[in-house]
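The values are calculated or read from the model by the stated rules, or taken from the named source; none is laboratory data. Given the structure is predicted, the values throughout are model-derived calculations rather than measurements. Quick reminder, even Gly has a Cβ in these numbers, built from the backbone with ideal geometry, and neighbours come from all protein chains shown. To get the accessible areas, we keep the full protein, side chains included, count just its heavy atoms, and leave off ligands, DNA and RNA. Shrake-Rupley method; radii C 1.70, N 1.55, O 1.52, S 1.80 Å.
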Amino acid sequence: MRHESLWRNKTVEQSGLVVQLLAQPAVNLALVHNSVPLVSSLRVTNWSGRPAVDATVTVRLFGNGEELAPTWTRTYEGELPDGGDAYWDDFSDLVPAISYLRALNESHPATISVTVSTMWAADVSLTMPIQVLAHNEWFNAPICYDSLTAFVQPNTSAVQSVLSDAAELLRTNTGSSSLEGYQNGPERAALIATAIYESLRSRGIRYIDPPASFEETGQKVRTTAQVLDQSFGTCIDLAVTYAACLEAAGLRPLLWLVTGHAFTGFLTEDASLPLPTILEPNALINLVESGKAIAVEAVYYNQTDAGDFKGSMRRAREHFASPDTLCGVVDVVAARKSGIRPLLSSNDVVPTAQPRQADLHDVVLALPDELKARGNADDVVLDTTDHAPARVRKWKRALLDLSTRNRLLNLKPSAQVIDLHVPQDGLPLLDDIIHSGESITLTPGRSPIVGPVGSRAGSYLQSISRSRTPRAGAGGCIRQRTRRGSCNPMPNAGVGVGGRP
């Protein structure tokens, strides 16, 4: 469902009236709790060749042997002319009651029924089947990804026991038990995230395989209290639990979604993503490679070295080697700001004491090198001529990173970068070739670049890279098919060129 829209469109034509309904294929407690409508819009268009008089539209929701929502009725008074249409989008009340959804333990089918009545004409009817999901069931669709944050419950009492142990770990390792979020810099924030991870790992939680429905429809999500009490969790349960603990500690958790799987992470600074949900694979890769986001595989059920915090980071980064499997990332705090609230934890469970798999006093909080403080070397702002007020410069940097962390400004040598050696006076020709969309072949050593017969690409350009076949992309980029990376412009000779497969 990664590239499909959540909204379904159904159209019926009868007696010259066209009725068009746009609605969701499913509804659940998380969506209704956050005021997401079931029906987006309804349009009635008159192509009967004569005016439609006093068109009355009635919409009802049936399921489980009863009417699930109040009947919605509107009338277009007077004449709807031939070729004219009437449009409504005020369907906020056409949803099942929260009390009904909260008590629903299993999903069931339902039907949206639309009837259009006009004077001196037969009624026009339309029906659309939908699914009413269980109270703890998440719907897996791109436009609905941010609703997953409703299952992240940072205020549940179960989180406090995890944070208490994390604070003790910080005290024994650093001398300070404070969970102060980002107040003392990125390295301290990373230590807090590590301590929370190791606190969860000490509880002996076990992994359980998700049902086969995860890929197409989503799945039921255990609360943090249930995960800690039952000591079981699927990938999405474990990710949501870790995210809840991070949010309660003042960090900014992320939820990553890939094909058939979910994992978590956090932002390294007290900032937000530009949108609550980002779907573009290149943007997801750049978030991690720039160091702005840390991806963490919630494998704290694994008691071997592969399951510690360093191992969880290594395992999470493996997902970014396959961009085609990346579905999206959700910024939990940004979703909160957009109006997505946590589900109420009225049935909170106080987790019973579980035998510890590890003594907390023996746990050493060790950060990977990339999370350790490195001074200000990576925060050097390349543009030193900007004398705008400090707050304005901060706003600018929130829109565009002008530091050396931006790969478009400071592309460092790596396995994903290829050096192109351009002959003297050859750069204008290369620019022309790129913008013309011609295909070129980069060959090893000092062999010429081969292009189509009669093209200009065969005479001037040489490469020291291994043989690749890129094609010019939009904006003057060569999209080099490497294992991962980004498309970067070529402002001067000898520049590295990266690309995403």
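Summary of computed values
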read-out	value
Given (1) of a type in the set (K, R); (2) buried (at least 24 other Cβ atoms within 10 Å of the Cβ); (3) over 24 Å from the mean Cα position of the chain (by Cα), index of the condition R201 fails	(2)
Which listed residue, of G307, G311, is modelled with pLDDT under 90, within 24 Å of V162 (Cα to Cα) and open to solvent by less than 20 Å² (accessible area, probe 1.4 Å)	G307
Residues that are surrounded by fewer than 18 Cβ atoms within 10 Å (Cβ to Cβ) and more than 15 Å from A121 (Cα to Cα), drawn from segment 26-59	S35, S40, S41, R43, T58
Helices (runs of 4 or more DSSP H) wholly inside segment 202-259 that include at least 2 residues being at pLDDT 95 or above and not polar (S, T, N, Q)	235-248
Positions within segment 155-166 being open to solvent by 20 Å² or more (accessible area, probe 1.4 Å) and more than 16 Å from V364 (Cβ to Cβ), in sequence order	N155, S157, Q160, S161, S164
Output for segment 14-46, where each listed residue is of a type in the set (V, I, T), within 14 Å of L61 (Cβ to Cβ) and either assigned to a loop (DSSP other than H, G, I, E, B) or touching a helix residue (DSSP H, G or I) at 6+ places or on another chain (Cβ under 7 Å) (or both)	V32
Enumeration of residues in segment 292-309 that are of a type in the set (G, A, S) and under 18 Å from A366 (Cα atoms)	A295, A298, A306, G307
In segment 20-70, the residues that are within 18 Å of A103 (Cα to Cα) and over 35 Å from the mean Cα position of the chain (by Cα)	G65, E66
Qualifying positions in segment 242-276 - in contact (Cβ under 8 Å) with a residue 60 or more places away in the chain, of a type in the set (S, T, N, Q) and buried (at least 18 other Cβ atoms within 10 Å of the Cβ)	T268
Filter pass, M119 being hydrophobic (A, V, I, L, M, F, W, C), open to solvent by 20 Å² or more (accessible area, probe 1.4 Å), out of contact with any His (no Cβ under 9 Å at 6 or more places or on another chain) and more than 30 Å from A195 (Cβ to Cβ)	yes
From A86, A110, residue being under 23 Å from F151 (Cβ atoms), part of a strand (DSSP E or B), in contact with a Leu (Cβ under 7 Å, 6 or more places away or on another chain) and modelled with pLDDT of 95 or more	A110
Evaluation of D54 against (1) acidic (D, E); (2) in contact (Cβ under 8 Å) with a residue 40 or more places away in the chain; (3) assigned to a loop (DSSP other than H, G, I, E, B) (one fails), failing number	(3)
Test: residue in segment 124-136 that is touching an Asp or Glu at 6+ places or on another chain (Cβ under 6 Å) and either without any contact (Cβ under 8 Å) to a residue 12 or more places away in the chain or open to solvent by less than 60 Å² (accessible area, probe 1.4 Å) (or both)	yes
Hey, G185 open to solvent by 10 Å² or more (accessible area, probe 1.4 Å) and over 17 Å from T223 (Cα atoms) or not	yes
Residue in segment 331-338 that is among the charged types (D, E, K, R), touching a residue at least 24 places away in the same chain (Cβ under 8 Å), surrounded by 22 or more Cβ atoms within 10 Å (Cβ to Cβ) and assigned to a loop (DSSP other than H, G, I, E, B) present	no
